[in-house]
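The values are calculated or read from the model by the stated rules, or taken from the named source; none is laboratory data. In this text the structure is predicted, and so the values were computed from the model without any measurement. Here the Cβ positions follow ideal geometry from the backbone for every residue, glycine too, while neighbour counts run over all protein chains shown. To get the accessible areas, we keep the full protein, side chains included, count just its heavy atoms, and leave off ligands, DNA and RNA. Shrake-Rupley method; radii C 1.70, N 1.55, O 1.52, S 1.80 Å.
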Amino acid sequence: MRFAIEEINNSTLLLPGVSLGYEIFDYCSDLLSYGAALDFLTQKGRGGIPVWNGTNYRPKVISVTGPFGSSQTISVAPLYMSEMIPMVRSILCSKNRFPSFFRTIPSDKYQMESIVRILRQFNWNWVAFIGGDNDYSRDALTVFQDKIRPANICLAYQDTIPQNQSLIGRLFNNIAMFNVQVIVVFANVEFVIPFIQKAIDLRVKEKIWIASETWSMNQELIKKSQIERIGTVLGVTVQRHKDLRGFDEFINNTVKSRHENACTDMDLKERCEDPTYIFVIYSAVYAVAHALHSALRCGTGNCANSEIIAYPYMVTEALKQVKFKLDNQSTEFDENGDPPAHYDIVHWNCKNKTCSNVDIGSYLTNPTPSFHSILMKLSYIVLQCSSECKSGSRRVQTGFHTCCFEFEICSDGKYINHTGTEQHCFCLEFFLDRSIRQKEHLAPFITYESHDKNCYLYTY
C-alpha cells in the first residue's frame, strides 16, 4: 500500500498536484478494530462523528482498503456503507448489502469453479472438503456443493479445522474411514498450517491436496520439513506479477531503515513469504487514485480546480467507471464490484526434498470462461468411489452418494445402452418380435445371443 501511494504521489500524470495520505491499522480482532473503524468516520478537521442532518460531511478518509477476510469485512463494512465510503480489496460478495464495496480479488465462486475444473480434468469424483471456522470457508462450501452436483462429483466428507490443535487428528481418522484420497482444503493459512503439520506428523501419504488461493503459494508451508511426503499438492492462485518493478528495492530500503544490519536477498524473500496478494493490494490503491482523479476532474497536467470537493460517494460512483492498466493487466469492475477472474493453476513440484511452485494451467473468465491445463501423469490415477462400469453390466447405486455403486450383470433378454454417458449404463428390454420392434420404433437389431451372462448385440 505504501509503495503504491508513494508512486502515485511522485506521478505527474495521476492526480498531479494532489498528495495522498494514509493511516494503517492492524486488524487485531472484531472488537478492538471498531476504534480504528470509527476513527476513519470522524469529521475531517473537527473530530467526532456528526449526527446526520441531510447535508454531506467530509469524513477523515476518502476510501478504505481492507481488511483481509470476509468475517472481518462484514463486521465493519456497515459503518462505511452508510456514508458510501468505498471499500476496496476485501473479500466479500453481496453488492445489495454493501453497495460501495469493490474488490481487486475475483469472486470466490470463480475460484471454486477452477477447483471443480481440476477435479473434472483428472476425473476425481470422491473428495473431502476441509475448511476453517469462518465465513470464507463456509461460503465456499455452499458454492462447492452447488457446483459439484452437475459435475457428478461426490462430497464424501466435510469438516472444519478445530482451533484446538489436539483435535485435528480426528479429521484424518475420518478421511481414512471414508477412504478419501482427494482433499480440498479451502481455509485461511492460519488454519491450514497446523492442519498440514498434523498431516506430516501423522505420516499421511499419497493424498491429492487441492489448495485454495490463501495457501497455494505460502512459502512457510512449501518449505516445511518432509512436506514432500504428504502427496501431491495442486492449487489455485490469483494471477501473480512476479516482477513489480521497484517493489523489492522499496521493501529492502524499508527494512534497512528499521534495522542496523542490512538484510540479504534471502532475508528479503523470507519477509515476503506469500506473493499472492501483493499485486491486488497495489491495484486497489491505484483504483481509488484513478477514481479520485476522475471525481476531481483532473487534467493531464494538474488538478487545479479548487472549487471541487471530493466526497466519498463521488469516489464510489467514479469507481464504477474505472478502467486502467497496470503491468499490461486491465483493472475494472462489473456491476457487482468484481474484477474479471484470472487464476493460475499451480503444482508443488518436489525434487530432492525441496519443493517449488510450478504453473501448470490457468482459468479465466474474460472474454469468456476458459480452462487450460497441462495434462500430468496424475490423470492416470483412479480416485473414485467406484470404478467405471464393466462391459455387460449396469450400475446399482449403493447408499446416498451417486458416485458409489455396484455392478449388476444384465440378465438374458437385455442389453446395455452405451450411447450415453457412463451414468446411463443400464439394461433395456430386448424385443425379438419384429412386429413389436416396428411398433415401438426400435432400432433394427436382428440377432441376440447370451454368452457368459453378458449381453451382446448384433446389428445389420
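Per residue, the solvent-accessible area of the stretch 322-371 (1.4 Å probe, heavy atoms of protein chains only, all protein chains present) comes to 53 Å². Looking at the stretch 212-253, the accessible area is 44 square angstrom per residue; that uses a 1.4 Å probe and ignores ligands, DNA and RNA. With 23 Å as the limit, the listed pairs LYS207/LYS353; LYS205/LYS351; LYS198/LYS224; LYS147/LYS223; LYS109/LYS320 have LYS147/LYS223 beyond it between alpha carbons.
Counted by Cβ distance under 13 Å from SER166, the other residues give a net charge of +1, where Lys and Arg count +1 and Asp and Glu count -1. In terms of the Cα gyration tensor, with a ≥ b ≥ c the square roots of its eigenvalues, is the stretch 95-210 rounded because a/c is under 1.5, prolate because a/b exceeds b/c, or oblate? Verdict is oblate for the stretch 95-210. Hey, with R₀ at 56 Å, roughly what FRET efficiency would ASN9 and ASN179 work out to, going by the Cβ-Cβ distance, to 0.05? Efficiency, rounded to the nearest 0.05: 0.45.
What does the C-alpha gyration tensor say about the overall shape of the stretch 140-185? Classify as rounded when a/c is under 1.5, otherwise prolate if a/b is larger than b/c, or oblate. Judged from the Cα gyration tensor, the stretch 140-185 comes out oblate (a/c at least 1.5, b/c at or above a/b). Rounded if a/c is under 1.5, else prolate if a/b beats b/c, else oblate: with a ≥ b ≥ c from the C-alpha gyration tensor eigenvalues square-rooted, which is the stretch 147-244? It is oblate, given that a/c is not under 1.5 and a/b is not larger than b/c.
Of SER137, SER356, the order by accessible heavy-atom surface (1.4 Å probe, DNA, RNA and ligands excluded), from most exposed downward, is SER356, SER137.
Around the amide H of HIS342, modelled in the peptide plane, lie the amide H atoms of GLN239, all under 5 Å away and 5 or more residues distant in sequence or on another chain. Of the trypsin sites (Lys or Arg not before Pro) found in the stretch 198-248, the ones in coil according to DSSP and having at most 11 other Cβ atoms within 10 Å of their Cβ are ARG203, LYS205, LYS242, ARG245. Label sites at ASP334 and LYS205, each approximated as a point 7 angstrom past Cα along Cα to Cβ, lie 4.5 nm apart. A cut-off of 5 Å between modelled amide H atoms, ignoring neighbours fewer than 5 places along the same chain, links GLY231 with GLU206, LYS207.
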